[in-house]
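What follows is one structure encoded as structure tokens, with my remarks underneath.
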Amino acid sequence: MTARDPLAAIRVRLAEVTASWQAAAALAQIRASFADYLAEAGPRGAAMARPQPQPLAPALAGAWIGRGPRRALYCHGGGFQIGGIASHASLIARLAEAGQARILAVEYRLAPEHRYPAAIDDAFAAYQWLLANGGAPAAIIGDSAGGALALQTAQRARDAGLPLPRSLVLLSPWLDLSMQGRSYEELADRDIFSRPQQLRAMARSYLGRHGPPPDAPSASPLWDDLSGLPPIVVHAGAHDITLDDSHTLVERVRAAGGQAQLDVYPGMCHHFQIYEALPEAQHSIDALGRHLRQD
């Protein structure tokens, strides 16, 4: 009997969408298509999201999604080059529902128009806004490249002596822009969502000619100081090319005296939580919601 492939239909549709990205004449077209695709992958979440705009600074926008007694900050993924509140509203809405939370999503600046450190500067500014308007949130949440921004925001807050969130929640975090983990090559043929060459190109676009090297702690928070951080919860797929980043993070946080927990979902790709139809995605979101509700 042939083993069930839970990603079969997703694989076919994703191939169609990414083919259109390769044919696109402009980055703006890819960004718009990416937002449409993630909304298509999570129709219930997209319908219930209803982002409420929240200015955070003169040139920085955010939006609240969800309702509840607790607050969180969300840093979206997209390789520092695509993505935004519109693309991730469905996922954020489902996390907000599960966690009974109001989640502030930040529309940070993207490369190549705005290279390093624009994205982390904006994420940290959004965190400072939260501190000034209600205090430290329950969590900083991030997926993929947004996982790096979430971790860096907590590291900056720690270094500045600012109040920290109660936890960090990371979904398939891309924490090492130098991509030293073996999973980047060993899982390249299994991960339907991300490719090593794609991530390398995004890292080059983000860091530019004048940014730090990709293995510098300022660029890759996996290699920065991981002591003195709040507890970290990580969810990743077993076929996620960034998986070794998650394993290394947990090892290094524990070695530094901190708390970190990793749940790996068999057969799942990078950022699998965007796919609303997957039972594994709902299981992950339900588990993260229970974590957020632990006041």
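Quick look at the values:
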{"quantity": "Tally, over segment 186-208, of residues that are assigned to a helix (DSSP H, G or I) and either of a type outside the set (Ser, Thr, Tyr) or closer than 16 Å to Gly147 by Cα (or both)", "calculated": "12"}
{"quantity": "Selected residue (criterion: surrounded by the most Cβ atoms within 10 Å (Cβ to Cβ)) from residues of segment 187-219 that are polar (S, T, N, Q) and within 20 Å of Ile82 (Cβ to Cβ)", "calculated": "Ser194"}
{"quantity": "Candidate set: segment 142-185, residues that are in a loop (DSSP other than H, G, I, E, B) and within 13 Å of Ala219 (Cα to Cα); chosen: the one most open to solvent (accessible area, probe 1.4 Å)", "calculated": "Ser178"}
{"quantity": "Positions within segment 258-288 being of a type in the set (A, V, I, L, M), part of a helix (DSSP H, G or I) and touching a residue at least 24 places away in the same chain (Cβ under 8 Å), in sequence order", "calculated": "Ile274, Ile285, Ala287, Leu288"}
{"quantity": "Subset tally (residues that are under 18 Å from the mean Cα position of the chain (by Cα) and either within 21 Å of Gly99 (Cβ to Cβ) or at pLDDT below 95 (or both)) for segment 24-38", "calculated": "1"}
{"quantity": "Residue in segment 45-104 that is least open to solvent (accessible area, probe 1.4 Å), counting only those that are among the β-branched types (Val, Ile, Thr) and in a helix (DSSP H, G or I)", "calculated": "Ile92"}
{"quantity": "Residue count for segment 156-187, restricted to those that are closer than 25 Å to Arg200 by Cα, polar (S, T, N, Q) and in contact with a Pro (Cβ under 6 Å, 6 or more places away or on another chain)", "calculated": "1"}
{"quantity": "Count - residues of segment 211-257 that are in contact (Cβ under 8 Å) with a residue 24 or more places away in the chain, part of a loop (DSSP other than H, G, I, E, B) and not charged (D, E, K, R)", "calculated": "19"}
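Rundown of residues vs (1) under 23 Å from Glu251 (Cβ atoms); (2) over 18 Å from the mean Cα position of the chain (by Cα), yes/no style:
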{"site": "Glu186", "(1), (2)": "yes, yes"}
{"site": "Ile192", "(1), (2)": "no, no"}
{"site": "Met202", "(1), (2)": "no, no"}
{"site": "Gly211", "(1), (2)": "no, yes"}
{"site": "Leu222", "(1), (2)": "yes, no"}
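The values are calculated or read from the model by the stated rules, or taken from the named source; none is laboratory data. Fair warning: this is a prediction, and the values are worked out from it, not measured in the lab. Here Cβ is always computed from backbone atoms with ideal geometry, including for glycine, and neighbour counts include all displayed protein chains. Accessible surface areas use protein heavy atoms only, side chains included; no ligands, DNA or RNA. Shrake-Rupley method; radii C 1.70, N 1.55, O 1.52, S 1.80 Å.
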